[in-house]
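Comments concern the structure below.
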Amino acid sequence: GGDYKANAGYAKHMKKSGGAGASEFARTKTLAEQREYLPVRQVRDDLMQIVADHQVVIIVGETGSGKTTQLTQYLHEAGMTRYGMVGCTQPRRVAAMSVAKRVSEEMGVELGQEVGYAIRFEDVTSEATLIKYMTDGVLLRESLREPDLDTYAALVMDEAHERSLNTDVLFGVLRKVVQRRRDLRLVVTSATLDATRFSDFFGGVPVFNIPGRTFKVDTYFAKTPQEDYVDAAVKQALQIHLSHGPGDILIFMTGQEDIEATCEVLAERMGTLDDPPPLLLLPMYSQLPADLQAKIFESADEGVRKCIVSTNIAETSLTVDGIKYVIDSGFCKLKVYNPKIGMDALQITPISQANANQRSGRAGRTGEGHAYRLYTERQYRDELLAAQIPEIQRTNLGNVVLLLKSLGVEDLLSFDFMDPPPQDNIQSSLYQLWVLGALSNTGDLTTLGRKMVEFPLDPPLAKMLIFSEKLGCTAEVLVVVSMLSVPSVFFRPKGREEESDAAREKFFVPESDHLTLLNVYQQWRQQNYAAQWCTDHFVHVKGLRKAREVHAQLLDILKQQRIQHVSTGGAGWDSVRKAICSAYFYNAAKIKGVGEYVNMLTGMPCHLHPSSALYGLGYTPDFTCYHELIYTSKEYMTTVTAVEGEWLAELGPMFFSVKESLKSRLEKRKREAEEKVKMDAEMATVTAAKEQEEEA
Ligand code: ADP
Ligand code: MG
C-alpha cells in the first residue's frame, strides 16, 4: 500500500488479489477474446461504414459496450492513423489515464508509445503515439496553439452526455473546425439516448445506436428518508454481504471523505462479526493514487466478494464487470458557482433521475442485478431533476472566457453554445478578468491577459505568477503556485494526529500558509528531494513529487514567455506575500474578532481554519488574503496570508481606494448583508406558507 490515509484504516480487510481481469469472464479469456465479445464489436462494420460516409457521427451505447476502448482502435485499424493521430477526449482525468492503460494492454504496446494520454501537467505521449486519450481541457488548450488541430485525423469526443464545461466549449470550437477541415472525422459518444441535441447541433448528423445487452435490474427505494447515507449504505452493504448470493457490490458516494468513512465503518463492523465471509473493500476517487485505483479492475480471490466504494466516476466513465448489487447514496459532488462569493465551490448535491438510472444500470451488466436506492420513491419523483444542469450553466467561466477571447471570439454571447451560460455568469467572469487586469476597459485581452492564457492555471494563479516578476520573486511564487496545484501534502494518519500536527507546525511561517507551503518545498529540495525526509516529516512524497513536476512544466512556460526566473535571495518573503495579494485581493478579509474575519467586498463572514499557520503569530493580523473558502460547519478560509492594508489599496485600486471609503464600503456591505438575511427570512416564510397551501 501507499502512504495515503485511504488504505490505512482498513488495510487488514484488503486481501491480496491475483489475476488480471475483473470477472470470471475476464479471468478466463484473453484480452483479444474479451474484445471480440463486446457489444460494439457486433456492429463494427456498419459503424465504420457510417463513419466513412459521414464527417460527424453521434454514437449512443450503454456504458460498457466498448465505446471508449474500441472506437479509437477501430479508427486506427481502418487506417486513419496514417494521416494523423486518433484523439479521444474524456471529461475526467482518471478515465483518460485508466482507459489509455487498458488500450495499450489490448494492443500489446507500452503505455506512452503507440497509445498514450495527456492530462494537465502530465503528458505520457511520444513521437510514436497514434492513439491519444486526453481530458477535454487538454484538447481545448491545444486548439489555442493549433486552431485546426492538424495533428489529428480523427477525434472521439467521449462522454458527451456528461456535458462537462470543457466538452461544451469544445462542441462550439469543433463545429468550426470540421467546417474548415473536411478531412477530419469526428465521433461524439453518449451513454444516454438523448442524442438528438448533439445531432442537431452539428446540423442533423446521423445517430448510430449500439444495441445493448443489459439484464434486468430490480430497484428498491428506501421506505423513509435517510438521515445519514454513509450509515445507511454500510447497513445495506452488510445485509447484502451476509444474506445474498455471490456478486460484487458497487456503492456510489460523493467524494473522498465519505468514501473513506464508508470503508472505515464497514471494516469496523466486519471486525465485530464472528468470522464473516471475506469482503474486499476498494475505494475509488480521483485523488487516490493510480496504483490503488487500478485495483478495482483486478479480480478478487476465489470466494471473496468485492465492494467498490466510488464517486460518480463509476457511473459511466469506468466500467467494472461483475457488479450485481448497486447501492446509491443519491448524492454527488458538483462544482457550483456561488455568485455571492464570486467563486466555484464543490457542493454535495442530489443527483438527477438520469444519474440514478445510470447508477442502477451498473448492476445489470453481466447478469440480473439489484439496485438499492437510499432515498424514497417520492424523493426520486419530486426532488430529483430529470437531468443534471450542464456545468457551463453553473460554474465560473473565467478560464473559458479567457480562452475564447484568445481564440478570437469577441462577442461571447454570440458563441455557439449548445446551452448558453447565464448572461450574469459571463458578465461576472468578464468583470473578474478585468479586475485582474487580463481584459481592457473595452473587453479586449491585455498583454497580461495574453500571457495568462499560456498557463494552464486558474486566472488568479496565472496573474500571481506573472506579476511576481515585477516584485523579483518568480522563483518563490512558482513554488507556491505548484504547491497550490496539488492536493494537500500534509499527512495526518489515524492514531498519530498529535505527532503529525507537531511535525506540520515545525514548517509554519507564522504570517502565511502560502509561505508555509514554500518552506516545506524548499526544505525538501535541500534534502535532494529525498523520500525518507517526507516520511520523517509527515509529508506525502507523492504530492511533493507531483508539485515538482508541475514546477518543471510551469518553469518551461515561464521561459517560453521570457519571464525572468528570479529569487528574492535573502531579501525576505514580503514580496511573495505581495504577489499573493496582487491576485487574491478580491479574497481580502478584515478582522472582526479572534479568528473571525469578513470578506471586504462581499461582507461574507469567514473564519481562520484551526490548521492555519497564522495562529502561530500569537495575534491575528488585521488583513488577510485567502486562496479559497470552504464550507464545513462554517465558512473557512483555506491557505491564508497576512497582508498589509496599503498593499490592498495599491494592488486592488478599483476596490480599495482610501482607508475611509474602505470603511464606509464595509459598512454598506454589512448593511446590505443584514438586509439580505432579513429578505431571505421573509422569503422562507412566504415559501413555507405556499408549500403548506399546496400540500393542503
Ligand atoms: P464504454 O465506453 O462503452 O462504457 P468501455 O470501452 O469503457 O465501454 O469498456 C469496455 C470493456 O472494457 C468493459 O467490459 C470494461 O470492463 C473493460 N475495461 C475498460 N477499462 C478497463 C481497465 N482499465 N481494466 C480492465 N478492464 C477495463
Ligand atoms: Mg466510456
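Numerical summary
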{"read-out": "Selection count where residues are in contact with a Gly (Cβ under 6 Å, 6 or more places away or on another chain) and surrounded by fewer than 19 Cβ atoms within 10 Å (Cβ to Cβ), scope the stretch 447-480", "value": "1"}
{"read-out": "Some residue of the stretch 520-528 being farther than 25 Å from Glu469 by Cα and modelled with pLDDT of 95 or more", "value": "yes"}
{"read-out": "Condition met for Ile389 (away from ligand 2 (no atom under 16 Å from the Cβ) and either over 29 Å from Tyr584 (Cβ atoms) or acidic (Asp, Glu) (or both))", "value": "no"}
{"read-out": "Residues of the stretch 619-657 that turn out to be under 17 Å from Ala579 (Cβ atoms), among the polar types (S, T, N, Q) and without any contact (Cβ under 8 Å) to a residue 12 or more places away in the chain, as a count", "value": "0"}
{"read-out": "Test: residue in the stretch 319-329 that is of a type in the set (A, V, I, L, M) and either free of Cβ contacts under 8 Å to residues at least 12 places away in the same chain or in contact with a Cys (Cβ under 8 Å, 6 or more places away or on another chain) (or both)", "value": "no"}
{"read-out": "Residue within the stretch 596-610 that is assigned to a helix (DSSP H, G or I) and either buried (at least 18 other Cβ atoms within 10 Å of the Cβ) or of a type in the set (Asp, Glu) (or both) present", "value": "no"}
{"read-out": "Filter result (of a type in the set (A, V, I, L, M), in a loop (DSSP other than H, G, I, E, B) and within 16 Å of ligand 1 (Cβ to nearest atom)) within the stretch 166-195", "value": "Ala191, Leu193, Ala195"}
{"read-out": "Some residue of the stretch 196-203 being farther than 26 Å from Glu377 by Cα, among the hydrophobic types (A, V, I, L, M, F, W, C), touching a helix residue (DSSP H, G or I) at 6+ places or on another chain (Cβ under 9 Å) and not in a helix (DSSP H, G or I)", "value": "yes"}
{"read-out": "Exclusive hit being within 16 Å of ligand 1 (Cβ to nearest atom) and touching a Ser or Thr at 6+ places or on another chain (Cβ under 8 Å), set Ala300, Ala314", "value": "Ala300"}
{"read-out": "Some residue of the stretch 163-174 being within 29 Å of the chain's Cα centre (by Cα), of a type in the set (Lys, Arg) and surrounded by fewer than 21 Cβ atoms within 10 Å (Cβ to Cβ)", "value": "no"}
{"read-out": "Filter pass, Asp148 being in contact with a helix residue (DSSP H, G or I) (Cβ under 7 Å, 6 or more places away or on another chain), surrounded by 22 or more Cβ atoms within 10 Å (Cβ to Cβ) and either within 27 Å of Lys405 (Cβ to Cβ) or at pLDDT below 95 (or both)", "value": "no"}
{"read-out": "Glu635 being surrounded by 11 or more Cβ atoms within 10 Å (Cβ to Cβ), of a type in the set (Asp, Glu), modelled with pLDDT of 80 or more and under 21 Å from Met464 (Cβ atoms)", "value": "no"}
{"read-out": "Residue within the stretch 284-291 that is surrounded by fewer than 16 Cβ atoms within 10 Å (Cβ to Cβ) and within 22 Å of Thr376 (Cα to Cα) present", "value": "no"}
{"read-out": "Segments classed as strands (runs of 3 or more DSSP E), wholly inside the stretch 22-130, with at least 1 members that are closer than 20 Å to Glu315 by Cβ, touching a residue at least 60 places away in the same chain (Cβ under 8 Å) and among the polar types (S, T, N, Q)", "value": "85-90"}
{"read-out": "Neighbours by Cβ (under 7 Å, 6+ apart or cross-chain): first from the stretch 506-534, at negative phi; second acidic (Asp, Glu)", "value": "Leu518/Glu476"}
{"read-out": "Extreme residue, nearest to Lys463 (Cα to Cα), among residues of the stretch 397-448 that are assigned to a helix (DSSP H, G or I) and of a type in the set (Phe, Trp, Tyr)", "value": "Trp434"}
{"read-out": "Residue check, Lys451 assigned to a loop (DSSP other than H, G, I, E, B) and either touching a residue at least 12 places away in the same chain (Cβ under 8 Å) or of a type outside the set (Phe, Trp, Tyr) (or both)", "value": "no"}
{"read-out": "Meets criteria (within 23 Å of Asp150 (Cα to Cα), more than 16 Å from ligand 2 (Cβ to nearest atom) and touching a helix residue (DSSP H, G or I) at 6+ places or on another chain (Cβ under 8 Å)) for Gln55", "value": "yes"}
{"read-out": "Some residue of the stretch 13-29 being at pLDDT below 90 and either within 16 Å of ligand 2 (Cβ to nearest atom) or touching a Cys at 6+ places or on another chain (Cβ under 8 Å) (or both)", "value": "yes"}
{"read-out": "Cβ pairs under 7 Å, 6+ apart, first in the stretch 162-177 and within 14 Å of Leu144 (Cα to Cα), second of a type in the set (S, T, N, Q) and in a helix (DSSP H, G or I)", "value": "Val173/Ser143"}
{"read-out": "Residue satisfying all of: in the stretch 375-389; touching a Pro at 6+ places or on another chain (Cβ under 9 Å) and of a type outside the set (Lys, Arg); surrounded by the most Cβ atoms within 10 Å (Cβ to Cβ) among these", "value": "Tyr375"}
{"read-out": "Condition broken by Val489, with the remaining ones in (1) within 20 Å of Leu614 (Cα to Cα); (2) over 28 Å from the mean Cα position of the chain (by Cα); (3) in contact (Cβ under 8 Å) with a residue 24 or more places away in the chain satisfied", "value": "(2)"}
{"read-out": "Condition broken by Glu122, with the remaining ones in (1) at pLDDT 95 or above; (2) out of contact with any strand residue (DSSP E or B) (no Cβ under 9 Å at 6 or more places or on another chain); (3) away from ligand 2 (no atom under 16 Å from the Cβ) satisfied", "value": "(1)"}
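Rundown of residues vs (1) touching a helix residue (DSSP H, G or I) at 6+ places or on another chain (Cβ under 6 Å); (2) within 26 Å of Gly616 (Cα to Cα), yes/no style:
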site	(1), (2)
Leu439	yes, no
Gly443	no, no
Leu457	no, no
Leu484	no, yes
Gly495	no, yes
Phe507	yes, yes
Tyr521	yes, yes
Gln526	no, yes
Tyr529	no, no
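The values are calculated or read from the model by the stated rules, or taken from the named source; none is laboratory data. Here the structure is a predicted model, which means the values were calculated and not measured. Cβ coordinates were reconstructed from backbone atoms using ideal geometry, including for glycine residues, and neighbour counts include every protein chain displayed.
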